[in-house]
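Below is one structure, written out as structure tokens; comments come after it.
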Amino acid sequence: QAVAVLAVLTAIGISPLSPLSVGVVALAGALMFATLHQMLLTVLGDRIGRIASVVLMVLQVVTLVGIVPVQTAPELLQSIGSLMPLSIVTQGLVHAALGGSLVSTSSTLLAIVAWAAVSLVLTLVGSRRARLAGRSERVGGGAVPAAV
């Protein structure tokens with residue numbers, strides 16, 4: 001995905017001043033989105049997790065500055081818009097493409113890593129809870145083992 005972002009930028013005539021920064025932000029964003037999606041699937045289940053993932057994506061697109069005027073969005077969306085993962089990654093990509101160094105994009109990378117870390121921890125907790133619930137169902141399932 002990071003290579004695709006750089007290729008699309010080059011294809012449309014934008015040559016980022018810091019391709020390394022763009023690549024790092026794009027790669028970190030891709031990993032963050034993967035962990036976020038996995039967390040939703042693990043914690044909420046397959047069906048509801050997919051629905052929540054789509055709803056989150058739509059909310060992010062609505063709050064993304066430049067797509068829809070933020071002033072027309074409800075107050076709640078305006079206030080959480082800058083905290084949304086897509087907004088963070090987009091701001092990081094714009095900053096990196098316009099010449100921000102890898103060091104100056106550290107706050108963006110820190111926010112991306114924070115989203116990924118929280119998603120990963122929630123995935124692990126949800127997975128462990130599901131495993132323990134499955135184990136207790138097998139142990140206490142009501143079946144009496146046959147005597148040998």
Among (1) farther than 27 Å from LEU124 by Cβ; (2) open to solvent by 60 Å² or more (accessible area, probe 1.4 Å), there is one condition VAL55 misses while meeting the rest; what is its number? (1)
Is there a residue being modelled with pLDDT under 75 and in a helix (DSSP H, G or I) anywhere in the range 55-68? yes
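The rows are residues; the columns are (1) in contact with a His (Cβ under 9 Å, 6 or more places away or on another chain); (2) open to solvent by 30 Å² or more (accessible area, probe 1.4 Å); (3) at pLDDT 90 or above.
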position: VAL3; (1), (2), (3): no, yes, no
position: LEU6; (1), (2), (3): no, yes, no
position: THR10; (1), (2), (3): no, yes, no
position: PRO16; (1), (2), (3): no, no, no
position: SER21; (1), (2), (3): yes, no, no
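The values are calculated or read from the model by the stated rules, or taken from the named source; none is laboratory data. Since this is a predicted model, take the numbers as computed values, not measurements. Using ideal geometry, Cβ is built from the backbone for each residue, glycine included, and neighbour counts are taken over all protein chains shown. Remember, those area values only see protein heavy atoms, side chains included, never the ligands or the DNA or RNA. Shrake-Rupley method; radii C 1.70, N 1.55, O 1.52, S 1.80 Å.
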